[in-house]
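A quick write-up on the structure given underneath.
Derivation of every value follows stated rules applied to the coordinates shown; laboratory data play no part. In this text, all values refer to a predicted model and were calculated from it rather than measured experimentally. Cβ sites come from the backbone with ideal geometry, for glycine too, and all protein chains shown count toward neighbours.
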Amino acid sequence: MKQKGTRDILFDEMKIWQYVEENIRKICKEYNINEIRTPLFEATELYARGVGDETDIVNKEMYTFNDKGGRSITLRPELTAGVVRAYIENGLASTMSPLKLWYVGNMYRYEKMQKGRYREFAQFGMELFGSNSYLADVETICVSYELFKRLGLQDKVELSLNSIGCDKCRKEYIEKLREYVKPRLNNMCDNCKTRYEKNPMRILDCKEECCKKELENVPMITDYLCDECKSDFENVCKLLDEISIPYVVDKKIVRGLDYYNKTVYEYTAKDLGLAAGGGGRYDKLVEVLGGNSTPAVGFGLGMDRIIILLKEYGLCNNLTSNVDVYFAIIDDKAYAKAIEIVTKLRSLGIVVEYDICKRSFKSQLKYADKLNANFVCIIGEDELKNDECIIKKMSDGSQQTVKLDEKDIFESIK
Ligand code: HAM
């Protein structure tokens, strides 16, 4: 039995995945983003240091085990930390700066199951290293927004932005936040009581009604931003306005991973109540993980959730992949010649199938129909003798006899 939170993705849904991945590849090529693949598992310590050992992900959701050599290993719960490790270990800083990387890959979180929330899921992500300009924040937003746009989802997801400042402005803010929360803490949930001690900004993110009520007049980080953080955030917003990427400012966005600073953002499919993606700047992470201080910004979009949205809004209904031509072979002696022609047609980009079960002609035609074949190429004893074949157009049943070679067959099915 498959494990809770995992899924088999069968061929009909795979067509939608391929369609999304094709769009991702195309966009990343146009934006000159380099693909990176990192291991599925890393040392547990990477996530404790990188993502933050007080986050839900590290505290409650990781698949961690000791390998046979006694090392503590974790299945990656996200990819930013792994990409940063690879960036440092492979000396990528010296290759070019800024450097843009992208990935699509599975990750693992032991989460409570619900629609769109799995224990094995995939993200499309981008990480941009080496620019501390707000222009880099906008570049990552452009890439993520472009994917939603090409998939026809731009009106179905809302982009929310916030700035959570830098260490300097956050210090003063956290004091103010604790001051506000302290007298209210008794009425708040247990998680928030822990967050108050360890990670007070996460309190703002709490979904519990009792906490939301207590937080109605909570001070906001945006009122405590230093001049640099303030102007960076204003510049991000201004540029997004100028290039017509719609967004809302949501002062309560703090993100669930510890590495962020300054600009943070999330994409939400409001109607379905699903977080479709999130990202932001993480200027300290490269240094925290042992590299030279390097500003960075990136995002991760939930692939599984994008697929749900495409299905929900009927935006992936025309993805049937037809077979261009099916070779119905009625004479055993025709196989060698047929395979030779089929191979050449396939190399020309034509989708071809032929009978590999030695079925009756009638069953072969039935199968061709199931495959949605546009044409059937029939080779029987007479055709083989005359070096010919019959091309039958399945939509209207019309037939013509052509020479048994790939050029003539290619011409007749165009
Ligand atoms: P995250 O917000 O944890 O960010 O995840 C990004 C997206 O992954 C979510 O918005 C959601 O669409 C999808 N996702 C997360 N958990 C699940 C799940 N259990 N099942 C299905 N989909 C899920 C990160 O992971 C950061 N590393 C993003 C980032 C990259 N920030 C900077 N660079």
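Summarise the long-distance tail of P(r) for region 244-302 by giving the % of C-alpha pairs beyond 15 Å. Result: 55 percent of Cα pairs exceed 15 Å. Each of LEU371 and SER347 was given a label point 7 Å from its Cα along the Cα-to-Cβ line. The distance between the two points is 2.0 nm. Here the dipole of the chain is about 960 debye; that uses its Cα centre as origin and unit charges on the Cβ of Lys and Arg (positive) and Asp and Glu (negative).
What does the C-alpha gyration tensor say about the overall shape of region 93-184? Classify as rounded when a/c is under 1.5, otherwise prolate if a/b is larger than b/c, or oblate. Oblate shape, in that a/c is at least 1.5 and b/c is the bigger or equal ratio. Go ahead and collect, in residue order, the members of region 92-121 whose backbone nitrogen is under 18 Å from a label point 7 Å along the Cα-Cβ direction of GLU30. The answer is 101-103, whose backbone nitrogens lie closer than 18 Å to the label point. Projecting the alpha carbon convex hull of the chain along each direction and taking the average yields 26.5 nm². Just the number, please: Stokes-Einstein D of region 33-158 in µm²/s, Kirkwood Rh from C-alpha pairs, 10 °C, 1.306 mPa s. Answer from the Stokes-Einstein relation: 98 µm²/s. For region 19-50, the residues whose amide N sits under 13 Å from a probe point set 7 Å from the Cα of TYR63 along the beta carbon direction are 40-42.
Checking every one of the trypsin sites (Lys or Arg not before Pro) in region 179-233 against DSSP loop status and a limit of 13 other Cβ atoms within 10 Å picks out LYS207. Summarised as an ellipsoid, region 264-414 has semi-axes of 52, 20, 12 Å, derived from the eigenvalues of the Cα gyration tensor scaled by 5 and square-rooted, with the largest first.
From largest to smallest, the equivalent ellipsoid semi-axes obtained for region 167-219 from the alpha-carbon gyration tensor read 18, 11, 10 Å. Packing, taken as the mean count of other beta carbons within 10 Å per residue, orders the peptides 401-407, 155-161 from highest to lowest as 155-161, 401-407. Near TYR103, once Lys and Arg are set to +1 and Asp and Glu to -1 for all other residues with Cβ below 10 Å from its Cβ, the sum equals -1.
Potential lengthening of the chain between CYS210 and ASP332 amounts to 36.3 nm, from the contour at 0.36 nm per residue minus the alpha-carbon distance. According to the calculation over all Cα-Cα pairs in region 48-110, the P(r) per 10 Å bin from zero is 18, 43, 30, 9 %.
Placing a pseudo-label 7 Å from each Cα along the Cα-to-Cβ vector at MET96 and TYR180 gives an inter-label distance of 4.4 nm.
Distance between the modelled labels on ASP227 and ALA275, one decimal in nanometres: 3.5 nm (7 Å Cα→Cβ projection). Comparing region 85-139 with the 2.2 N^0.38 Å rule of thumb, its C-alpha radius of gyration ratio is 1.51 (two decimals). Compute the FRET efficiency between GLU312 and LEU10 as 1/(1 + (r/R0)^6), taking r as their Cβ-Cβ distance and R0 = 22 Å, and round to the nearest 0.05. Computed FRET efficiency for GLU312 and LEU10: 0.75. Entry note: region 153-260 has Rg to Rh equal to 1.01, where both radii use alpha-carbon atoms and Rh is the Kirkwood radius.
For region 325-413, what class follows from the C-alpha gyration tensor (a ≥ b ≥ c being the square roots of its eigenvalues): rounded when a/c is under 1.5, otherwise prolate if a/b is larger than b/c, else oblate? The shape class here is rounded.
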